[in-house]
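Data block below; observations after.
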Amino acid sequence: MTIHSQPDNALAFPDFGDPGFGVYVHWPFCAAKCPYCDFNSHVRLKGIDEERFVAGFAREIACMRELSGPREVTSIFLGGGTPSLMKPQTVEAVLSAIAGAWHVPDGIEVTLEANPSSVEAERFQGYRSAGVNRVSLGVQALNDKDLRFLGRLHDVAGAMKAIDLARETFPRMSFDLIYARPDQTVDAWTAELEEAIGYAADHLSLYQLTIEEGTPFYGLHKAGKLKVPDNDQAALLYEATQETTAARGLPAYEVSNHARPGAESRHNLTYWRYGDYAGIGPGAHGRLTRAGHKFATVTETHPETWLERVEARGDGITESVELDTEEQADELLLMGLRLREGLDVRRWQSVAGRTLDPAREDFLLRQGFIERLGNDRLRCTSSGMIVLDAVVADLAL
Ligand SMILES: C[S@@+](CC[C@H](N)C(=O)[O-])C[C@H]1O[C@@H](n2cnc3c(N)ncnc32)[C@H](O)[C@@H]1O
Ligand code: SF4
């Protein structure tokens, strides 16, 4: 499959147009499990039969194509887990299967998530030749103490090497950092972020550390052995993040995602603009519209059970549920308010079949949590973003 690099500023922002059609492929394996992570990721010390998984992915892709009908793909995302543990041939085979199922125009964004500890020059070259044109690196912190605390397998020197290699190999590159770590001050985080922006290309994902139920961090937190910043401190850290990134030309275009205008992730925008996407692989979620009906698909999470299921019946889907208009309206609201460009109010009204409650909207406007951009768009203010869940819950009722 030949995928040419995306021209600079191919996605001019703001671009409120077609939300697009994305293809997400989940690689559910990691070299080690990070103590904060509740994503569908598994460690397999005995190795992984990649060829068998490729055949499974190809079968499920064909099945999703049946469900979606013919579509033009606007982005592909290989996420995980740790997709940079895949052999380049595996990535190539998955991309070929996608190109065989749907129309994949030249130049669309093709992202692969990579961990600095699993980065080798040869592999990166192999991914590039396979058609990957954007890499998202899990850097997470720029000091070794915090990297150890987060249970990461790389150190800062390894992260720097991976960033350099990514910048040399791929036309586009982003990296992730986790903040709101225990005892993190605004000054320390701002200094770390300034340093990160110096290494960044044109996109950064900055996530607040979340204590997820079922993880080792959850147990430690419950036992009082791990203290994360309280809500006030987290809000200060969030505000510092917005100010620092905006001042350096990488403003937030979504709650946790920052880019130079034009360098936003096309794939992520499809999720937040509530477009359709096919979710392939263990534990992947999808949204597919057929004849005006929108379906939510979920696949089996356990990798080997997913594979057996695909081999036996062609797909690993455990749930395919039609979303009613209220559910679609709630999802559209939840996603749209994450974006700096905001929610397309007319679209929301046409999905919901009603208008937003004027009294609730007025209350949130007066509180300074939301603002109108002309008649057609509604967005969260910076203070509204901090209490986004409450704003969404209020408007959704
Ligand atoms: C699930 S990972 C997949 C990519 C890759 N394995 C990595 O670790 O970067 C995607 C992003 O989610 C972040 N993440 C996972 N759990 C998190 C949590 N509890 N709080 C904040 N960020 C989290 C990861 O650190 C990473 O930046
Ligand atoms: S490497 Fe990424 S996906 Fe794997 S456990 Fe760590 S955060 Fe989760």
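The values are calculated or read from the model by the stated rules, or taken from the named source; none is laboratory data. This structure is a prediction, so every number in the text was calculated from the model and none was measured. Heads up, the Cβs are rebuilt from the backbone with ideal geometry, glycines too, and the neighbour counts pull from every protein chain shown.
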Residue that is buried (at least 18 other Cβ atoms within 10 Å of the Cβ) and assigned by the TED database to the domain that holds residue 37, where the choices are 185, 210, 190, 241: 241
In the range 304-320, the residues that are touching a residue at least 60 places away in the same chain (Cβ under 8 Å) and surrounded by fewer than 24 Cβ atoms within 10 Å (Cβ to Cβ): 307, 311, 314, 315, 317, 320
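Quick grid of which residues meet (1) within 13 Å of ligand 1 (Cβ to nearest atom); (2) assigned by the TED database to the domain that holds residue 131; (3) at negative phi:
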residue	(1), (2), (3)
28	yes, yes, yes
32	yes, yes, yes
36	yes, yes, yes
39	yes, yes, yes
47	no, yes, no
53	no, yes, yes
57	no, yes, yes
64	no, yes, yes
76	no, yes, yes
Verdict on residue 92 being part of a helix (DSSP H, G or I), within 20 Å of residue 245 (Cβ to Cβ), more than 16 Å from ligand 2 (Cβ to nearest atom) and touching a residue at least 24 places away in the same chain (Cβ under 8 Å): no
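Of all residues in the range 34-47, which are touching a residue at least 12 places away in the same chain (Cβ under 8 Å) and either out of contact with any Leu (no Cβ under 9 Å at 6 or more places or on another chain) or more than 8 Å from ligand 2 (Cβ to nearest atom) (or both)?
Hits for the range 34-47 are 35, 37, 38, 39, 40, 41, 42, 43, 44.
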Output for the range 73-131, where each listed residue is modelled with pLDDT of 95 or more, hydroxyl-bearing (Ser, Thr, Tyr) and over 19 Å from the mean Cα position of the chain (by Cα): 90, 96, 127, 129
Residue in the range 130-144 that is closer than 19 Å to residue 201 by Cβ, of a type in the set (Ser, Thr, Tyr) and surrounded by 22 or more Cβ atoms within 10 Å (Cβ to Cβ) present: yes
Verdict on residue 205 being among the hydroxyl-bearing types (Ser, Thr, Tyr), within 21 Å of the chain's Cα centre (by Cα) and within 12 Å of residue 140 (Cβ to Cβ): yes
